[in-house]
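To start, the structure itself, in structure tokens.
The values are calculated or read from the model by the stated rules, or taken from the named source; none is laboratory data. All values derive from a computational prediction rather than experimental measurement. Cβ coordinates were reconstructed from backbone atoms using ideal geometry, including for glycine residues, and neighbour counts include every protein chain displayed. Side chains are part of the model used for accessible areas, which takes the heavy atoms of the whole protein and leaves out ligands, DNA and RNA. Shrake-Rupley method; radii C 1.70, N 1.55, O 1.52, S 1.80 Å.
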Amino acid sequence: RRPYIDNVTSNVTDNNDKSANLDFIISERVKSGNFKLGAGYSAQGGVASAVGLSDSNFYGTGNKLNGELSLSSKSIFYDLSYTKFYLGDYLIDNSYRIFNDQEDLKTNYGYKRKSSGLDFTIKIPQKYDISKDQYFDLTVGFEKSDIYDLTSIASSSVTQNSGISNNLFVSTSYVNDSRNDNFNPTTGKFHNTILSVSPSGLSDDDFIKIHIRNNYYFDNDNNNNSFFILSKIGLASG
């Protein structure tokens, strides 16, 4: 399941004393980096260009580095994250992230917006199983946002929420994933429960929300088709 492992094979050799030797040959993914370059157009943002860099085995450490940058005449966005697969001596994934987003929406909606922040996430496995992922995520972060340079076409809700706001947020989730494939599953199930809180007194825009997702995948024995049952439900207040 680790992205920096390319292949694993094993050999078993029986000994005369009823013991056995187990040899595991692990191939590391040497070329693990990706580079993406793209461009697009939208009526709201105009022409935009995007660059992405990622490496799932950064300098052979097994850690993952990911960066995205998008630029247009009306927006600037970047997102940089670094994931480590060990927290000290413990097998706990931990991620560090910083982000920034700026948009000029004066022409369409009568205001400009910018936000920036950072967060820290740890992933705690509930159970080690080669056929099932079960883990908890805990994220703590901070975001500073600003809605400014309003014009007469700005809506009342934008005017009411204009200005600078500082928000601390905490999010925890539980994942139970037994799908046979992450991108094209045909059997198994995927469950995810997310609870996010931005506490009153510590945040200008306090909220609480819960989001539950349940997906079931069934293989068809008669042909290559599969059946899916996908469901989502969420509640929010703030």
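Carbon and sulfur together cover what percent of the accessible area of the chain at a 1.4 Å probe radius?
Carbon-and-sulfur percentage of accessible area, whole number: 54.
Starting from the Cα of residue 144, draw a straight line to each of the lysines and keep only those under 24 Å, dropping any in the same chain fewer than 8 residues away.
74, 106, 112, 114, 209
Could you point to the label whose value was computed as semi-axes √(5λ) of the Cα gyration tensor in Å for the structure here, given (1) 32, 24, 19; (2) 42, 22, 21; (3) 59, 23, 16?
Given (1) 32, 24, 19; (2) 42, 22, 21; (3) 59, 23, 16, the structure-derived one carries the label (2).
Charges only on Cβ, +1 for Lys and Arg, -1 for Asp and Glu: so what's the dipole of segment 23-94 about the Cα centre, in debye to the nearest 20?
340 debye
Once amide H atoms are built 1.01 Å from N in the peptide plane, which residues 5 or more positions from residue 186, or in another chain, come under 5 Å H to H?
Long-range HN contacts for residue 186: 180, 181.
Name the most mobile residue of 157, 95, 70, meaning the one with the largest mean-square fluctuation, in a Gaussian network model of the chain with Cα contacts below 10 Å.
157
Size of the dipole of segment 122-238 about the Cα centre, Lys and Arg at +1 and Asp and Glu at -1 on the beta carbon, nothing else charged, in debye to 20?
Its charge dipole is roughly 320 debye.
Who wins for biggest fluctuation among 199, 185, 125 in a Gaussian network model of the chain, springs between alpha carbons below 10 Å?
Highest fluctuation among the options: 185.
Working out 0.36 nm times the residue gap between residue 27 and residue 210, then minus their Cα-Cα distance, what length gain in nm do you get to one decimal?
61.8 nm
Roughly how many whole Å is it from the C-alpha centroid of segment 120-158 to that of segment 36-60?
Using only Cα atoms to place each centre, the spacing works out to 21 Å.
Per residue, how many Å² of accessible area does the chain show with a 1.4 Å probe?
With all protein chains present, the chain gives 67 Å² per residue.
Any of 123/232; 64/132; 132/189 with alpha carbons more than 18 Å apart? Name them for me.
Long pairs (Cα-Cα over 18 Å): 123/232; 64/132.
What's the Cα-based Rg to Rh of segment 120-238, Rh via Kirkwood?
Expressed as Rg/Rh, it is 1.15.
How do 230-236, 206-212 rank on mean C-beta neighbours within 10 Å, highest first?
Packing proxy ranking, top to bottom: 206-212, 230-236.
Have a look at 215, 108, 11 and tell me which one the Gaussian network model of the chain (Cα, springs below 10 Å) gives the largest fluctuation.
11
Extent of segment 74-188 along each principal axis, from alpha carbon coordinates, in Å, largest to smallest?
Projected onto the principal axes, the Cα atoms of segment 74-188 cover 58, 37, 23 Å.
Taking the Cα centre of segment 17-150 as the origin and placing charges on Cβ (Lys, Arg +1; Asp, Glu -1), which of 117, 105, 131 is farthest toward the positive end of the dipole?
Ranked along the dipole, the leading option is 105.
Sort 61, 193 from largest to smallest accessible area, using a 1.4 Å probe on the heavy atoms of the protein chains.
Of 61, 193, the descending order of accessible area is 61, 193.
Calculate, in nm to one decimal, what residue 53 and residue 96 gain on full extension: separation in residues at 0.36 nm each, minus their alpha carbon distance.
Separation in residues times 0.36 nm, less the Cα-Cα distance, equals 13.9 nm.
Which FRET efficiency value, to the nearest 0.05, is calculated for residue 148 and residue 78 with the Förster distance at 25 angstrom and r the Cβ-Cβ distance?
0.80
So how do 58, 99 rank on accessible area, 1.4 Å probe, biggest first, that is with the largest at the start?
Heavy-atom accessible area, descending, gives 58, 99.
Only four residue types carry charge here, +1 at the Cβ of Lys and Arg and -1 at the Cβ of Asp and Glu. Report the dipole size of the chain about the Cα centre in Debye, rounded to the nearest 20.
It works out to roughly 360 debye.
Apply the Karplus curve 6.51 cos²θ - 1.76 cosθ + 1.60, θ = phi - 60°, to the phi angles in segment 67-80 and return the couplings in whole Hz, x for Gly and Pro.
Karplus values, whole Hz, x for Gly and Pro: x, 9, 9, 10, 10, 8, 5, 10, 8, 9, 9, 9, 9, 10.
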